[in-house]
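What follows is a single structure, written as structure tokens, with notes after it.
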Amino acid sequence: MDHPSLVTLDSDSAPRVVFAGDRLVEVDLPPGTRCIYPKPPLAGIKDPDAAIRYAINHPHGSDPLHAKLRPGMRVTIAVDDISVPLPPMRRPDVRERVLTIVLQMLADHGVDDVEIVIALGIHRRLKAHEIRHIVGDKIFDAYYPERLYNHDAEDKANIKHVGHSDHGEVLNLNRRAAESDLLIYVNLNFVAMNGGHKSVAVGLCDYESLRHHHNPGTIRASDSYMDPAGSKLAHDISRLGKVAHKALDIFTIETTVNNRMFDKNLDFLMKNEDDLNGKERLLSKALVAATAKLPQPARQAIFDKFPAPYELTGVFAGSAEAVHQKAIQRCFDQYLVPISGQADVLVTPIPFISPYNVHAFLNPLLVQVLAQGYLFNMYRGAPLVKKGGTLILLHPCTDKFDHEQHAPYVDFFHQLLPETRDAMELMHRYERKFASNPAHLQMFRNGHAYHPAHPFFMWYWGENGRQHLGRVIVVGADNEYIPKMMGWETAVSMEDALYRAKGGQARSLDITLLHVPAIVMGDMTPPGAPKSSSGGGAS
């Protein structure tokens, strides 16, 4: 039986307080609506440093790290970028903890040819203060910028061809990493689609290698890319990851954190509204009122002000495949909530942050990624909503883009989407042309913009949601143009949206609210199984 605070059938007792971008809004849902809440945070490891040392000395499928070291060898350490966790975690970041221990071990074994690469893939270059936040002051001051730097996927001289998969897919990797005696990858596995073979094969590759799996066909064939077992994306990446592990000596360190996204002053946002005490109800009302009145920068500052107090819940080291299975299970322990029966309507609040807008505004294309990509895929077993069902979003869908980070997105959104929303057509007609745009490549390599191919990948990321859903309705949009551009409808209220979802028919709807953030995944029983009707949750 589910925990009653995690899966609740809504009554008239309290409105649900949810995010609509950087606003908090109250939503009244019909009685019987199933509300799915995040699990409480798992307990953090009491001595993280001891756990890290134990992991690298007791690895899975590999010799211990110390056994791989010898004086004079060349070592590269690759580190996940700031796209995870969300929002950035309170210092010390878990990556700083791992790096501190690994670098000391390297020094103890006479290894001084060491460089640290931020494994960006084709994400934007991190700024110096962002790198400092990840690695800490001591490491930053000792290594940046000569021996601590961003991976550059367009630096042809420093990209090396490593090999081909058995499907003929090409793998090109960061030259320094590919030519090292040992590559150590330090990962933060925030969700189950992170880590594993994806770390090296995506984080250190170039555009040509990404195209083999970052495409509409792969995403359409992926049953929840948040569940690697059913994800063609994960399987395709693994083929190239195996090429990397065959060619290179790679030692993987994967870490997991709990879902403590909000500090004590805001942690009530993760709770079931029916469980709030008097003080928390007042705070909730105050935030709803404040975010309705404050200007956008001030609203976002409320949530940017406090780094997340995530805690380490797992650390595993060794070979990528053996390590990743353990990390995935720890993620599932935190995120999975058992659910029975698919809904006719899935209501998904859209929060203020995604992996691709850290320190920037969540633009409309990224709203689409969260809606039809990430949040739609937050399931194992079967989608939370029936085939042809309705997705209702809460977001203003403001026509606003950060021109430092998301310059290529502007051209994609306003030039290409008016031509076609068909992902296959976008890929075949426009992707390569955009990917080689000199101005955008200049901003990618020397500024802090995403690669010009990245907005295409972001559109593809919503492809299985687009193919599955019958309609998407936005509540709270401040314009009709942006939703219409993405093939969505608008409604003036939740009541209006639910009326539209009925399609003019006099029928009742099975409605599910995915109460995010923090992260929650539905562990769905097969379609057709009855949904629980008791107040104690779904069974």
Point to revise | Residues that are of a type in the set (D, E, K, R) and in contact with a helix residue (DSSP H, G or I) (Cβ under 9 Å, 6 or more places away or on another chain), drawn from the range 138-183 | key: Lys138, Asp141, Asp152, Glu154, Asp155, Lys160, Asp166, Glu169, Arg175, Arg176, Asp181
Point to revise | Test result for Arg74, of a type outside the set (S, T, N, Q) and touching a Ser or Thr at 6+ places or on another chain (Cβ under 6 Å) | key: yes
Exercise for review: Go through the range 82-109 and count every residue that is over 24 Å from Pro309 (Cβ atoms), charged (D, E, K, R) and not in a helix (DSSP H, G or I).
Suggested key: 0
Point to revise | Leading residue by the ranking (surrounded by the most Cβ atoms within 10 Å (Cβ to Cβ)) among those in the range 481-495 that are in contact with a Ser or Thr (Cβ under 9 Å, 6 or more places away or on another chain) and not β-branched (Val, Ile, Thr) | key: Pro483
Point to revise | Enumerated helices (runs of 4 or more DSSP H) restricted to the range 450-520, each holding at least 2 residues that are closer than 22 Å to Phe401 by Cα and touching a Leu at 6+ places or on another chain (Cβ under 8 Å) | key: 454-460
Exercise for review: Taking only the range 344-372 into account, find how many residues are touching a Ser or Thr at 6+ places or on another chain (Cβ under 9 Å) and assigned to a helix (DSSP H, G or I).
Suggested key: 6
Revision key, fill the gap. Quick count over the range 137-179, residues being touching a residue at least 60 places away in the same chain (Cβ under 8 Å) and β-branched (Val, Ile, Thr), is 1
Review point. Over 30 Å from Val18 (Cα atoms) and either at pLDDT below 95 or in a helix (DSSP H, G or I) (or both): does that describe Pro408?
Key: yes
Exercise for review: Would you mention how many residues in the range 329-348 are out of contact with any Gly (no Cβ under 8 Å at 6 or more places or on another chain), over 29 Å from Ile122 (Cβ atoms) and surrounded by 24 or more Cβ atoms within 10 Å (Cβ to Cβ)?
Suggested key: 1
Check your understanding: Quick check: anything in the range 145-166 more than 23 Å from Ala244 (Cβ to Cβ) and out of contact with any strand residue (DSSP E or B) (no Cβ under 7 Å at 6 or more places or on another chain)?
Key -> yes
Practice item. Scan the range 153-171 and give yes if some residue there is modelled with pLDDT of 95 or more and within 23 Å of the chain's Cα centre (by Cα), otherwise no. Key: yes
Exercise for review: Can you confirm whether the range 16-33 contains a residue that is among the aromatic types (Phe, Trp, Tyr) and over 30 Å from Tyr450 (Cβ atoms)?
Suggested key: no
Check your understanding: Which residues, counting only those in the range 18-47, are among the acidic types (Asp, Glu), in a loop (DSSP other than H, G, I, E, B) and surrounded by fewer than 22 Cβ atoms within 10 Å (Cβ to Cβ)?
Key -> Asp28, Asp47
Practice item. Could you please let me know if Gly136 is small (Gly, Ala, Ser), under 21 Å from Val257 (Cβ atoms) and surrounded by fewer than 21 Cβ atoms within 10 Å (Cβ to Cβ)? Key: yes
Practice item. Taking only the range 161-202 into account, find how many residues are outside any loop (DSSP other than H, G, I, E, B) and aromatic (Phe, Trp, Tyr). Key: 1
Exercise for review: Given the conditions (1) over 23 Å from the mean Cα position of the chain (by Cα); (2) within 16 Å of Trp488 (Cβ to Cβ); (3) of a type in the set (Phe, Trp, Tyr), report the number of the one that Trp459 does not fulfil.
Suggested key: (1)
Exercise for review: Would you mind finding the one in Asp249, Asp227, Asp263 that is modelled with pLDDT under 90 and either buried (at least 16 other Cβ atoms within 10 Å of the Cβ) or farther than 15 Å from Lys198 by Cα (or both)?
Suggested key: Asp263
Study note, to complete from the structure: The residue that is nearest to His414 (Cα to Cα), considering only those in the range 496-529 that are surrounded by fewer than 22 Cβ atoms within 10 Å (Cβ to Cβ) and among the hydroxyl-bearing types (Ser, Thr, Tyr), is Tyr499
Exercise for review: Please list, ordered by first then second residue, the pairs with beta carbon atoms under 8 Å, 6 or more apart or interchain, first in the range 515-526 and closer than 14 Å to Asn258 by Cβ, second part of a loop (DSSP other than H, G, I, E, B) and β-branched (Val, Ile, Thr).
Suggested key: Ile519/Val191
Review point. Is the range 59-79 home to any residue that is at negative phi, part of a helix (DSSP H, G or I) and without any contact (Cβ under 8 Å) to a residue 40 or more places away in the chain?
Key: yes
Exercise for review: Mind listing whichever residues of the range 230-244 are within 28 Å of Arg175 (Cα to Cα) and crowded, with 18+ Cβ neighbours inside 10 Å?
Suggested key: Leu233, Ala234, Asp236, Ile237, Ser238, Arg239, Leu240, Gly241, Lys242, Val243, Ala244
Revision key, fill the gap. Just one listed residue, out of Phe316, Phe262, is among the aromatic types (Phe, Trp, Tyr), within 24 Å of Asn57 (Cβ to Cβ) and under 23 Å from the mean Cα position of the chain (by Cα), and it is Phe316
Practice item. Taking the residues in the range 408-439 that are out of contact with any Phe, Trp or Tyr (no Cβ under 8 Å at 6 or more places or on another chain) and either surrounded by 22 or more Cβ atoms within 10 Å (Cβ to Cβ) or hydroxyl-bearing (Ser, Thr, Tyr) (or both) as candidates, determine which candidate is farthest from His213 (Cα to Cα). Key: Thr420
Check your understanding: In this structure, does Lys387 turn out to be surrounded by fewer than 22 Cβ atoms within 10 Å (Cβ to Cβ), more than 14 Å from Val472 (Cα to Cα) and touching a residue at least 12 places away in the same chain (Cβ under 8 Å)?
Key -> no
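The values are calculated or read from the model by the stated rules, or taken from the named source; none is laboratory data. Since the model is a prediction, treat every value here as computed from it, not as a measurement. Glycine also receives a Cβ, built like all others from the backbone with ideal geometry; neighbour counts cover every protein chain displayed.
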